[in-house]
1. Checking understanding here: applying a Kyte-Doolittle mean of at least -1.0 and a length along the axis of at least 15 Å (C-alpha), which whole DSSP H helices in the chain pass?
2. Using 0.36 nm per residue of separation minus the Cα-Cα distance, give me the extension gain between residue 128 and residue 152 in nm, one decimal.
3. For the chain, what D do you get in µm² per second when you plug the Kirkwood radius from alpha-carbon pairs into Stokes-Einstein at 10 °C and 1.306 mPa s?
4. Within the accessible area of the chain, what % is carbon and sulfur when the probe is 1.4 Å and the other protein chains stay in place?
5. Only Cα pairs within less than 10 Å get springs; with that Gaussian network setup on the chain, which residue of 143, 82, 117 has the largest fluctuation?
6. Connecting C-alpha atoms closer than 10 Å in a GNM of the chain, tell me which of 125, 37, 49 has the biggest fluctuation.
7. Picking from 126, 103, 39, which is most flexible by a Gaussian network model of the chain using Cα springs under 10 Å?
8. Label the stretch 112-182 by shape, choosing from rounded, prolate and oblate, from the square roots a ≥ b ≥ c of the eigenvalues of the Cα gyration tensor; if a/c is under 1.5 it is rounded, and otherwise prolate applies when a/b is larger than b/c, oblate when it is not.
Amino acid sequence: MAKSHTPVFKGALIASLVSLIACGASAETAADKIERAKTAAPADVTDHATFLDLDGTVLQQGTNGWVCFPGVPLIPGDTHPMCNDAVWMRWIEAVSSGKPFSTEVIGVSYMLAGDAMVNNADPAATDINDGGIWVQEGPHLMMLFPSKDMVAGLPSDPYEGGPYVMWGDTPLWHVMTPIEGKKAP
């Protein structure tokens, strides 16, 4: 009597379908990315913002000059959403192209869903055990200023309380403005 391979075939087919469904379920849609990006800023910013994917693909065109991302576009795969004004968009473009940045006006970026753990002095640092001051900021605003003189009185220690200068000794310096308190590790 010949053995039937039907149960084995059915099992393999079911396993393949489950795998395909799982892959499809984990694939993030444009709508998912837009929803995450909307958590970066107040609704009066996001309601009419342009939404871009991390690679610059337009997910939804807006009309108010704000640009929101589902993550930090300088970090592939990042999921910490941000919404930027035109000044911050010029900063991101300069950083990604290695060109110098300057501004005559203040720039604002919202990251109300928080940020990744970073070294407050060195944007290129990757080892949390390097002895630097590391911070994972919760909800915050980031601000760019025309001159460091304008922020000379701000600390560079993120745990002093209030706004502080991040990456102060680099061309990427900016001011972090926490919305919630945090404790030093």
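The values are calculated or read from the model by the stated rules, or taken from the named source; none is laboratory data. Not measured: the values here are computed from a predicted model. Every residue, glycine among them, receives a Cβ derived from its backbone with ideal geometry; neighbour counts consider all protein chains shown. All accessible areas refer to the heavy atoms of the entire protein, side chains included, with ligands and DNA or RNA removed. Shrake-Rupley method; radii C 1.70, N 1.55, O 1.52, S 1.80 Å.
1. On the way: long enough: 6-26 (30 Å, 1.52); 86-97 (16 Å, 0.58).
The answer, listed by residue number, is 6-26, 86-97.
2. Details: separation 24, 0.36 × 24 = 8.64 nm, distance 2.71 nm.
Going from the current span to full extension adds 5.9 nm.
3. Numbers: Rh = 18.6 Å.
For the chosen part, D equals 85 µm²/s.
4. Details: 6410 of 10730 Å².
C and S atoms contribute 60 percent here.
5. Fluctuation is largest for 117.
6. Fluctuation is largest for 125.
7. Answer for the Gaussian network model of the chain: 126.
8. Details: a/c = 1.67, a/b = 1.15, b/c = 1.45.
Cα axes put the stretch 112-182 in the oblate bin.
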